[in-house]
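Structure first, commentary second.
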Amino acid sequence: CIIGRSGEGKSVLLKQIIGLIKPTSGQILIDNIDITKLDEKEMEPIFKKCGYVFQFAALLDSLNIFENVGLTLLEHGSNEDEVLSIVKEKLALVNLGQEILYKYPSELSGGMRKRVGIARTLITNPKIILYDEPTTGLDPITSKVVHELMYNMQKQLNVTSIVISHDIEIFNYVDYIALLHLGKIRYFGPASTIWQSDNPYIYQFI
């Protein structure tokens, strides 16, 4: 998990990690490949390894849930029946049933939309999932459900997860925490010992 105050550049860092924004300096290594040196075509295999869960789910209002989750496969000409089967499978992974398949995002609660956003990310079976503030705007109970869902998926699917969050409850679910402040990582360590840390930046944050 990457934590830090608002405006510190956490979301920008996440977009740089996935290659959506080019950094002005430094390296980003994914599987020992520095992606800052790759052109758009060379980035395609990297993009296929990664999934991105947007802060507000970023579902398309004009598409139903089946179309939102299956969009990538449908755009590449996959058979609709095959896509339907995969969409049902991914929705089941985030504890959603097929009764929502033909509903529209506006008909779902905020927590359900977040889970649909995660299901859409899972459609390409990514090896790395990046979450941008996955519990923003959610009540504490729904936030806990989303955290537990992310944790269980990481264990079940054996994916690498990187989470940007303000929510200190995330400490209960992640292995390591990095604190970003003024463009630098000021702390990196196990989540299990963060409450005992004497790092001044961590003390101020928590």
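Suppose a student asked you for the relative contact order of the chain, using Cα pairs under 8 Å spaced at least 6 residues apart; what percent would you report?
Relative contact order comes out at 28 percent.
Among DSSP beta bridges lying fully in the chain, give the percent that are antiparallel, nearest 5.
In the chain, DSSP labels about 40 percent of beta bridges as antiparallel.
Where the accessible area of the range 99-183 is counted over protein heavy atoms with a 1.4 Å probe, how much of it, in %, is carbon and sulfur?
Ligands and nucleic acids excluded, carbon and sulfur reach 51 percent.
From the residues Leu157, Ile100, Leu182, which one has its Cα farthest along the dipole of the range 57-204 in the positive direction, the dipole being from +1 and -1 charges on Cβ of Lys/Arg and Asp/Glu about the Cα centre?
Leu182
Which sequence of His76, His181 reflects their accessible areas, 1.4 Å probe, from the largest down?
His76, His181
Looking only at the range 130-192, where both bridge partners belong to it, what percent of the DSSP beta bridges are antiparallel (to the nearest 5)?
65 percent
Which whole-number percent is the relative contact order of the range 91-206 (Cα, under 8 Å, 6+ apart)?
For the range 91-206, the relative contact order is 19 percent.
Quick one: give the max-minus-min coordinate of the C-alpha atoms of the chain along each principal axis, largest first, in Å.
Projected onto the principal axes, the Cα atoms of the chain cover 54, 43, 29 Å.
Mind checking which of Asp175, Asp139, Asp31 has the largest fluctuation in a GNM of the chain, springs on alpha carbons under 10 Å?
Between Asp175, Asp139, Asp31, it is Asp31 that shows the largest mean-square fluctuation.
Name the residue farthest towards the positive end of the dipole of the range 83-206 from the options Pro200, His166, Pro134, assuming +1 on Cβ of Lys and Arg, -1 on Cβ of Asp and Glu, about the Cα centre.
Of the candidates, Pro134 comes out farthest on the positive side.
May I ask you to work out the translational diffusion coefficient for the range 21-63 at 4 °C, viscosity 1.567 mPa s, via Stokes-Einstein with Rh from the Kirkwood sum over Cα pairs, reported in whole µm²/s?
The diffusion coefficient I find is 103 µm²/s.
Debye calculation, C-alpha points only, no solvent: report log10 I(q)/I(0) for the range 155-206 at q = 0.16, 0.23 Å⁻¹, in the same order as the q values.
For the range 155-206, the Cα-only Debye profile gives -0.48, -0.93.
The values are calculated or read from the model by the stated rules, or taken from the named source; none is laboratory data. Keep in mind that this is a model prediction, so the values were computed, not measured. Here the Cβ is made from the backbone with ideal geometry for all residues, glycine too, and neighbour counts use every protein chain on show. Note: accessible area is taken over every heavy atom of the protein model, side chains too, but ligands, DNA and RNA are not part of it. Shrake-Rupley method; radii C 1.70, N 1.55, O 1.52, S 1.80 Å.
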